[in-house]
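First up is the structure itself, then whatever we jot down about it.
The values are calculated or read from the model by the stated rules, or taken from the named source; none is laboratory data. These figures come from a predicted structure and were not determined experimentally. Reconstructed Cβ throughout: ideal geometry from the backbone, glycine too, with neighbour counts over all protein chains shown. Please note that ligands, DNA and RNA were not included when accessible areas were found on the heavy atoms of the full protein model with its side chains. Shrake-Rupley method; radii C 1.70, N 1.55, O 1.52, S 1.80 Å.
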Amino acid sequence: MGLAKRVVLAYSGGVDTSVCIPYLKKEYGINEVVAFAADLGQGDELEPIRKKALRAGATQSLVGDLVQCFIKEFAYPAIRANALYEGRYPLSTALARPLIARELVSVARKVGADAVAHGCTGKGNDQVRFDVAIGALAPDLKILTPAREWGMSREETIAYGEGCGITTPVSKKSPYSIDLNLLGRSVEAGPLEDPMVAPLEEVFAMTSSIDDAPDQCQEIEITFEEGNPVAIDGKELDPVSLIRLANTIAGKHGFGRIDIIENRVVGIKSREIYETPGLLLLIRAHQEIESLTLSADVLRLKSQIERQWSDLVYQGLWFSPLKDALDGFIDRTQGYVNGLVRIRLHKGNATVIGRSSNTSSLYMPDMATYGCNDQFNHRAAEGFIYIWGLPTRLWASARKTFDIDN
Ligand code: ARG
């Protein structure tokens, strides 16, 4: 492999990506490492992180504010897709990867780098997402992956860093591996590796425990326009502020914790803890407004498309022809997804208690009612059922195989 001269490294300020800087220079003979840290609303102070990369030996250290873009271009489409990997994980980490990859490529072009690098290990999903996305956007760029090759344990990595003057504060020496952004936190490793061990309260930072959640319930209303959440309790909010507020409200009531065994792309099962209060709340509300405004057949096909969309995003195929085509279907369905959903939050639960749509509801009260203004033609049911059941009757009379005593 022809060695790269200038590399742009996806930098988080953590142990692994910090050690990547001296490692790339020493072991790969790279002249210039340009560190790039993404602000995804994780709440970290980015300036100390930027400086840390310089201290670790980066020639340049850049920070990109990607929060708006992250929420508008990645989180909102996921809400419209009701995206839940394996029915449960709302992809908070997975959604950030294609954006970081896109930004890495763009920085690489600006600084004239011939390679990009990341600090993912060889057994996670994130390496797949970075490598596949970078490959799709810039097939000519080399991808350097020191943490996939160095074979060091966490202790050895910390020791290597210390040898290069990178100190790791005791507070950062947590047993957990944590990824975080505005959509949520993903926590794995340490005591969580035993699937029977309940997560300690120390794992969580965005959600209250059930014990600490208020005894009083809270009702909120979420407004959707063309499938996008646009207001909470009637107050219009830009996407970033809306997610922040949804996180605060849902988190306060202890809603949004997930504890699952999940199937990784590389073929293994892993135990994951997530807390994604706002995103999960908005998906729940979005499903509900769709149930009022989309036809039965569209809903049925869309739920299959949603599953496939979630698989693709989880598996690193954000930039792919199939994902693009599924987006076309999903976007086409969202024009009438307008209205309001009322949710009651209480002690870890978010229960839908009402939904309405002035412009787009397909719920017809005079068809649904059992009262005196019922407009449904009950007599018409007979002919409908005669024909609907015809194939079964023909099949049964030909086979005569139904044994009613069994
Ligand atoms: N398993 C999750 C995913 O694939 C989260 C991975 C988070 N990464 C981490 N370093 N904890 O999306």
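A few comments on the model shown:
- When residue 267 is tested against (1) outside any strand (DSSP E or B); (2) crowded, with 18+ Cβ neighbours inside 10 Å; (3) more than 19 Å from the chain's Cα centre (by Cα), only condition (2) is not met.
- In segment 86-104, residue nearest to the ligand (Cβ to nearest atom) [restricted to those that are open to solvent by 10 Å² or more (accessible area, probe 1.4 Å) and assigned to a helix (DSSP H, G or I)]: 97
- Tabulated pairs, segment 177-191, first within 9 Å of the ligand (Cβ to nearest atom), second open to solvent by less than 10 Å² (accessible area, probe 1.4 Å) and aromatic (Phe, Trp, Tyr), C-beta under 9 angstrom, 6+ apart or interchain: 185/274; 186/89; 186/274; 187/274
- Scanning segment 173-230 for residues that are open to solvent by less than 40 Å² (accessible area, probe 1.4 Å) and among the hydrophobic types (A, V, I, L, M, F, W, C) returns 182, 183, 187, 189, 192, 203, 204, 213, 220, 222, 224, 230.
- Where residue 156 falls short, out of the listed (1) outside any loop (DSSP other than H, G, I, E, B); (2) in contact with a helix residue (DSSP H, G or I) (Cβ under 8 Å, 6 or more places away or on another chain): (2)
- Within segment 105-118, if we keep just the residues that are farther than 29 Å from residue 278 by Cβ and part of a loop (DSSP other than H, G, I, E, B), the residue that is farthest from the ligand (Cβ to nearest atom) turns out to be 112.
- Filtered by the rule that a residue be open to solvent by 80 Å² or more (accessible area, probe 1.4 Å), of a type in the set (D, E, K, R) and part of a loop (DSSP other than H, G, I, E, B), segment 373-406 gives 379, 400, 403, 405.
- Residue pairs meeting the criteria (Cβ under 6 Å; at least 6 apart or on separate chains; first within 8 Å of the ligand (Cβ to nearest atom), in segment 119-138; second open to solvent by 40 Å² or more (accessible area, probe 1.4 Å)): 125/265
- Only one of the numbered conditions (1) in contact (Cβ under 8 Å) with a residue 12 or more places away in the chain; (2) within 16 Å of the ligand (Cβ to nearest atom) is not met by residue 292, and that is (2).
- Matching residues in segment 327-350 - criterion: being open to solvent by 30 Å² or more (accessible area, probe 1.4 Å), farther than 21 Å from residue 87 by Cα and in a strand (DSSP E or B): 340, 342, 344, 346
Here's the yes/no breakdown for (1) modelled with pLDDT under 95; (2) surrounded by 19 or more Cβ atoms within 10 Å (Cβ to Cβ); (3) more than 20 Å from residue 311 (Cα to Cα):
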| position | (1), (2), (3) |
| --- | --- |
| 127 | no, yes, no |
| 130 | no, yes, no |
| 135 | no, no, no |
| 142 | no, no, yes |
| 145 | no, no, yes |
| 151 | yes, no, yes |
| 154 | yes, no, yes |
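- Those residues of segment 274-326 which are among the hydroxyl-bearing types (Ser, Thr, Tyr) and either buried (at least 16 other Cβ atoms within 10 Å of the Cβ) or modelled with pLDDT under 95 (or both), in sequence order: 274, 276, 293, 310, 314, 320
Listed here are the residues, each with its yes/no results for (1) more than 27 Å from residue 206 (Cβ to Cβ); (2) in a loop (DSSP other than H, G, I, E, B).
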residue	(1), (2)
8	yes, no
30	yes, yes
48	no, no
76	no, no
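- The single condition among (1) under 20 Å from the mean Cα position of the chain (by Cα); (2) in contact (Cβ under 8 Å) with a residue 12 or more places away in the chain; (3) more than 27 Å from residue 345 (Cβ to Cβ) that residue 304 does not meet is (2).
- One residue stands out among those in segment 70-80 that are open to solvent by less than 10 Å² (accessible area, probe 1.4 Å) and not aromatic (Phe, Trp, Tyr): the one that is nearest to the ligand (Cβ to nearest atom), which is 78.
- Count - residues of segment 331-358 that are among the hydroxyl-bearing types (Ser, Thr, Tyr) and closer than 17 Å to residue 220 by Cα: 3
- Residues located in segment 182-199, provided they are assigned to a loop (DSSP other than H, G, I, E, B) and in contact with a helix residue (DSSP H, G or I) (Cβ under 7 Å, 6 or more places away or on another chain): 182, 183, 197, 199
- The listed residue being within 16 Å of the ligand (Cβ to nearest atom), open to solvent by less than 10 Å² (accessible area, probe 1.4 Å) and under 30 Å from residue 334 (Cα atoms), out of 83, 37: 83
- Checking each residue of segment 351-367 against the condition of being of a type in the set (A, V, I, L, M, F, W, C), in contact with a Phe, Trp or Tyr (Cβ under 8 Å, 6 or more places away or on another chain) and either open to solvent by 60 Å² or more (accessible area, probe 1.4 Å) or free of Cβ contacts under 8 Å to residues at least 24 places away in the same chain (or both) gives at least one match.
- Among the residues of segment 55-69, not a single one is within 14 Å of the ligand (Cβ to nearest atom), in contact with an Asp or Glu (Cβ under 8 Å, 6 or more places away or on another chain) and hydroxyl-bearing (Ser, Thr, Tyr).
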